[in-house]
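In what follows, a single structure is set out as structure tokens and then discussed.
The values are calculated or read from the model by the stated rules, or taken from the named source; none is laboratory data. Since the model is a prediction, treat every value here as computed from it, not as a measurement. So basically every Cβ, Gly included, is an ideal-geometry build from the backbone, and we count neighbours across all protein chains shown.
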Amino acid sequence: MKAGEHGAAVREEKHITADPLALSRFTPELSAVTPVTGCQKLVLFAAVIAALAAFGYYPRGAALGFIAFSTLFYIVFSVYKLVLVRFSVKSGAQIEVKDEELKRLDENSLPVYSILVPLFRESESVGNVVEAIEALDYPAAKKDVQLLLEEDDGATRSAVGNFALPEGFRITVIPRSFPRTKPKACNIGLAEARGKYLVIYDAEDRPENDQLKKAVAAFSRVDRRVVCLQSRLNFYNPRQNLFTRWFAAEYSAWFDFSLPGLSAVNSVIPLGGTSNHFITSALRKMMGWDAYNVTEDCDLGIRIYRRGYRSKMLNTTTWEEACSKGGLWIRQRTRWLKGYIQTYLVHMRRPGRLLGDLGWKNFLHFQALIGGIVFSFLINPVFWFMALLWFFLRLEALTALFPGPVFAGGAVCLFAGNFVFVYICACACYKRKLYDLIKYAVLTPVYWVLMSYSGWRALIHFAIKPFTWEKTRHGLFHEK
Amino acid sequence: MKNRPLCSPRLLYWGAAVLVSGVFLTAGLYRTATVSRTAVLNEAVCRQLLSGSTAGRQALVASVWHPPFPVLFRLPAAAATRGFPLSSLLVSAVFGAAALVLTERVLRKWGAGRIRYILLAAFALNPLFLKGCISGSVSPSAVFLTVLTAYGLSEWTRHRRLKGIIYMGLGIAGLAGVSFQMYGWLAAVAVMLAIDLTAGSYERGQREGVLVLTLFPPVYVLAVWVLGNWLVMGDPLYFIRSLTSGQLASQVRFASDDPVGAGYYLAGGLCAALALLCAVRSKQAPGFTALLAAAPVVSVLWMNARGILWGWEPVLASAGSMCVLALGHVSGGRAAGGKMAAVISAAAALGVVASLWLWGSAPSEAAGKDGPAGADLDWVTDLKRRVLTCSRHAAVFACGYDSLIFADKAKPDSVVIPSLDFDFDRVRTAYPGRRLYVLVPRPEGVNSAESVFRRHRRFYDRGGERTLAAGRWGDGWRLFEIIQAPRPLSSGPVSSP
């Protein structure tokens with residue numbers, strides 16, 4: 001009976017996964033196809049009305065409540081980040097695969113490994129990504145590389161056409177349809193994938209050569225529930241300009257401290273957009289990525305836990321290109337934060353069910369990681385504005401908004417909160433041996449201004465064009 | 001059959017820490033007469049801060065002699081307690097226990113073996129540390145941060161671990177915000193780090209990285225302190241004005257001729273000898289620890305020479321504790337004669353502690369019944385009655401940090417107004433036509449660093465601008481009446497200037 005059930009499941013999966021929008025069709029409640037449900041609209045509307053009424057009738061009380069809540073949030077969030085860093089240095093925070101273990105792998109028994117490379121307007125990066133994947137230490141015959149090309153992206157298609165693709169490479173053309181997003185392309189790639197394992201690389205990625213073998217070795221010894229291994233990401237152009245320096249500091253803190261910390265406590269991991277290694281069958285069971293979510297990786301990280309699976313961090317690095325232009329950086333960050341908003345709203349449609357699926361611990365992690373990050377970026381400018389008012393105008397009215405306990409909490413935030421975030425970035429740079437970047441890391445508060453700007457931009461974009469994918473342009477480093 | 005431990009080491013540590021802090025707290029609650037002046041004062045600042053008063057905000061940042069961290073550490077507990085300085089006792093008990101647990105870990109890591117229990121006993125019995133743990137003083141937090149810093153430096157010099165830099169950076173930052181008296185010791189740490197950075201081999205750019213990671217935390221603390229002074233006091237360097245204006249040199253009066261005691265000089269001498277011994281044996285890390293142990297005593301000697309030796313308990317508590325730590329470091333070596341070194345170290349540690357009890361001066365800052373921070377403040381009630389009989393709208397501006405304790409006792413009150421930044425012009429402008437008084441403490445010890453004596457050096461002896469002496473109150477307080485031209489009586493609320 002079991003075999004029959006399994007067979008039926010496989011047939012069904014094949015049918016489902018052939019559809020790149022399967023998730024939104026079969027389980028729309030887990031998809032961002034409807035950005036905000038009717039019920040959520042009602043709650044949000046009521047909340048806005050209540051806030052307006054409170055600020056209209058009791059402005060001082062409302063402002064005081066907002067400031068008190070925000071101060072408490074800052075304190076809790078700072079402590080949370082600190083605890084994650086503490087856990088990240090525990091042994092077992094990320095899966096370590098030693099060289100000896102890799103040497104013991106029998107090349108003949110290695111499984112087929114599917115590699116998806118979504119390429120859209122990436123004609124200048126094609127050569128690099130092909131080279132990087134070819135350089136991966138894995139038998140060419142066991143590599144199943146799909147270059148996912150958009151039907152109407154003539155430039156990239158012709159750039160690929162000029163290459164004599166190595167063994168194991170093939171082209172999958174993505175038909176032109178709505179939405180034009182990376183997850184939709186990846187879902188088509190997933191349907192066509194032949195490998196036991198599957199990984200996604202972006203056009204500008206340079207994974208470490210032994211990454212696939214490390215993933216195979218790690219999958220062979222982890223808990224059976226672990227269906228995803230997230231590699232650490234960092235940049236190969238951290239010193240290009242101030243933006244890339246800050247970006248590298250931030251990425252180092254996120255991928256070398258925060259995510260390993262989450263992995264250490266078996267918490268939900270918001271996956272990075274690339275270099276996440278999956279067990280293909282499990283990914284198919286989850287119907288792949290949500291084609292409507294602009295941070296499909298983060299959303300998938302949550303869904304993995306909701307299905308009872310787990311993700312872990314793998315001690316290997318993929319080097320990417322850091323966005324080096326302010327405008328492009330803001331577009332990219334806007335998309336990420338818009339995706340976080342989408343993901344938060346999708347999973348909070350039924351909070352009780354989410355709580356049941358994740359449990360208390362992971363539910364709180366979800367609130368802090370997805371909701372908390374966006375919330376902090378949105379409220380930061382309010383406090384900066386008040387600080388400026390006080391610095392330059394000495395508005396006495398502000399004193400009334402900071403009664404004793406709130407002022408004390410604010411003092412704690414000023415002394416400890418900001419310091420925690422900056423110091424984590426500086427330490428992460430040291431850990432990454434980016435010694436010369438440490439002095440730039442201590443200036444990251446300036447970078448936070450851009451993050452908050454992107455946060456507000458993301459909120460506006462979410463309201464007016466939720467599915468628009470603001471494409472990050474790569475290859476600027478090579479051009480230079 | 002495998003021997004399974006009864007409980008995990010982590011649980012054991014937590015259990016031990018909770019138990020020890022419970023013992024300290026119980027002892028503190030039992031011996032309430034020994035509650036320190038700083039405990040009472042910090043508690044008062046916490047309450048002022050929580051009540052949202054201007055004086056509380058000013059008190060948090062306004063003086064280098066009253067750093068902000070002891071207040072911030074106590075805030076959460078102070079919010080829940082009223083009257084008795086329970087939060088100070090709790091915080092000192094917790095830091096004391098944390099210092100002991102951390103020291104045990106450090107000694108174990110250094111391979112001190114079972115001898116560490118003797119060293120640990122010596123550490124705990126250091127009189128200033130022990131008394132600090134049960135009196136709510138800032139000494140235990142200083143000792144904890146000192147041990148953390150020394151451990152970080154040792155980890156860094158021996159193993160080049162990032163953890164070492166982080167501990168060192170956080171320890172230094174913590175000390176920078178806990179005790180100004182420890183700045184001399186911090187300078188010694190900086191010198192040793194500089195020696196290591198100069199002599200050690202590093203990758204390209206690594207020296208710069210280590211320097212930034214170590215110095216950023218204390219620089220950040222100081223920067224925020226400066227910012228706080230700018231925002232609250234209107235002068236970014238207000239908190240160090242007492243050091244730069246030369247007021248201390250003219251005001252200082254010693255409460256005691258020999259505040260330190262020979263025991264601490266003995267401890268310092270022993271540490272210097274150990275450092276020399278380690279230098280001869282080329283053991284860099286133990287040598288550093290020994291030098292760090294000797295540094296507080298040198299720092300105390302320097303402060304004594306400068307005439308600013310008050311609030312020295314944290315420094316000397318750290319000196320004794322660091323001495324024990326240095327002995328642990330020396331005895332932890334696996335070199336030939338290690339066993340003998342361990343036995344000698346243990347004997348020396350116990351000897352040092354015995355000498356501290358016998359010849360070390362006892363802390364004199366307990367908030368006695370008649371002390372400026374004491375519990376008996378009936379004279380404040382008398383003072384209020386007296387000024388109110390002269391005028392229903394009288395106000396007394398009590399200068400200095402100690403005044404926060406009166407305000408706390410008298411709360412809710414609008415007669416005695418604490419003032420940390422007293423200014424005649426502002427007071428006259430804000431309270432026209434009212435009968436105003438100013439109460440100043442005797443400029444003795446740390447009180448001589450109060451801002452009122454910076455503006456009016458001879459205020460206590462001769463009075464300030466157009467004031468009349470109006471009597472002596474409490475333990476050395478003097479009341480002056482401010483003369484101002486008669487104007488129509490203000491009916492507005494009285495607030496702090």
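Remarks
- Complete set of residues in the stretch A:262-280 that are more than 15 Å from the chain's Cα centre (by Cα), at pLDDT below 95 and not in a loop (DSSP other than H, G, I, E, B): A:Ala264
- Put simply, of B:Leu186, B:Leu145 the only residue that is away from chain A (no Cβ under 14 Å), assigned to a helix (DSSP H, G or I) and within 30 Å of B:Arg31 (Cα to Cα) is B:Leu145.
- Here A:Ala428, A:Ala400 are screened, and the one residue that is touching an Asp or Glu at 6+ places or on another chain (Cβ under 6 Å) and not hydroxyl-bearing (Ser, Thr, Tyr) is A:Ala428.
- Selection within the stretch B:32-51 - facing chain A (nearest Cβ under 9 Å) and in a helix (DSSP H, G or I): B:Cys46, B:Arg47, B:Gln48, B:Leu49, B:Leu50
- Among the residues of the stretch A:390-413, none qualifies, meaning not one is more than 11 Å from chain B (Cβ to nearest Cβ), among the hydroxyl-bearing types (Ser, Thr, Tyr) and at negative phi.
- Residue within the stretch A:274-295 that is among the hydrophobic types (A, V, I, L, M, F, W, C) and closer than 23 Å to A:Ile424 by Cα present: no
- A:Val374 falls short on exactly one of the conditions (1) within 12 Å of chain B (Cβ to nearest Cβ); (2) touching a Phe, Trp or Tyr at 6+ places or on another chain (Cβ under 9 Å); (3) not charged (D, E, K, R), and that condition is (1).
- Identity of the residue in the stretch B:194-231, among the polar types (S, T, N, Q) and under 23 Å from A:Leu443 (Cβ atoms), that ends up surrounded by the fewest Cβ atoms within 10 Å (Cβ to Cβ): B:Gln206
- The residue list A:Lys431, A:Lys471 contains one member that is surrounded by fewer than 18 Cβ atoms within 10 Å (Cβ to Cβ) and within 30 Å of B:Ile165 (Cβ to Cβ), which is A:Lys431.
- Counting only residues that are part of a helix (DSSP H, G or I) and within 14 Å of chain B (Cβ to nearest Cβ), the stretch A:422-472 holds 19 of them.
- The stretch A:77-93: number of residues that are of a type outside the set (A, V, I, L, M, F, W, C), away from chain B (no Cβ under 13 Å) and in contact (Cβ under 8 Å) with a residue 60 or more places away in the chain: 4
- Among residues of the stretch B:154-177 being more than 21 Å from B:Leu222 (Cα to Cα) and crowded, with 24+ Cβ neighbours inside 10 Å, the one that is modelled with the highest pLDDT is B:Trp156.
- Scan the stretch A:387-419 for residues that are in a helix (DSSP H, G or I), surrounded by 15 or more Cβ atoms within 10 Å (Cβ to Cβ) and modelled with pLDDT under 90 and the total you get is 18.
- Scanning the stretch A:296-330 for residues that are part of a loop (DSSP other than H, G, I, E, B) and over 23 Å from A:Gln94 (Cα atoms) yields A:Glu321, A:Ala322, A:Cys323, A:Ser324, A:Lys325.
- Counting only helices (runs of 4 or more DSSP H) that sit completely within the stretch B:192-255, those holding 2 or more residues that are more than 14 Å from chain A (Cβ to nearest Cβ) and modelled with pLDDT under 90 correspond to B:241-244, B:247-251.
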